[in-house]
Amino acid sequence: MKQAFALLLAIVACGFGAAWAEIGVPVARDLQKDAELAKKKNGVVLVMFAGEHCTYCETVLNEFLIPMSRNADYQSKLVMRKVELSSYQTMKDFLGDKTPHRHFAGDKGVRMVPTVMVFDSSGKLLAKPVVGLGTIDYYGYHLDQAIDQGLAKVRGLPEPK
């Protein structure tokens, strides 16, 4: 009985994890519109490329991106979206062209998940992509470094070191 209850809790937790991800980091539907919003903020578009059953992706979402999405400092400087690497769900890219998530990911050279990229309002990559999870202790630093590099380029400031 205890094992059945534990299994039920695990299934429910997985479902809530996916729901939290959608609330904190919405699935990309219209990057052109998202880019306009980022431009109004004088900010960047952060895109997380994720896999359907990727536990590392869930960790990045739950430990980093979802908390960031609730932080006013990050809200003021970036727009976050998630692209599913294997999904045929259509979205609009930065030019307004409709494309499946998987094709957009392929066009951006994404081969491994999780991958996080920072773009300007025209869809230009602004920093080295953050690929994989690596050491969780340093992941936040690498993520902030990519965001800060992107912001510096968008705002015409010297790049942080």
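Every number in this text was worked out from the coordinates using simple rules, so none of it is lab data. Being a predicted model, the structure only gives us computed values, none of them experimental. Positions of Cβ are generated from backbone atoms using ideal geometry, with glycine treated the same way; all protein chains shown enter the neighbour counts.
Which percent, nearest 5, of DSSP beta bridges in the chain are antiparallel? So the antiparallel bridges in the chain amount to around 55 percent.
Per-residue ellipticity at 222 nm, computed for the chain from helices alone with -39500 (n - 2.57) per DSSP H run of at least four residues, works out to -13500 deg cm²/dmol. For the residue pairs Lys98/Lys128; Lys98/Lys161; Lys41/Lys92, alpha carbon separations beyond 29 Å are given by Lys98/Lys161. Placing +1 on the Cβ of every Lys and Arg and -1 on the Cβ of every Asp and Glu, with no other charges, gives segment 52-95 a dipole of roughly 220 debye about its Cα centre. Sorted largest first, the principal axis extents computed over the alpha-carbon atoms of the chain equal 61, 35, 27 Å. Within the chain, helices built from complete DSSP H runs that reach 20 Å or longer along their own axis (Cα positions) and carry a mean Kyte-Doolittle hydropathy of 1.0 or higher are 2-24.
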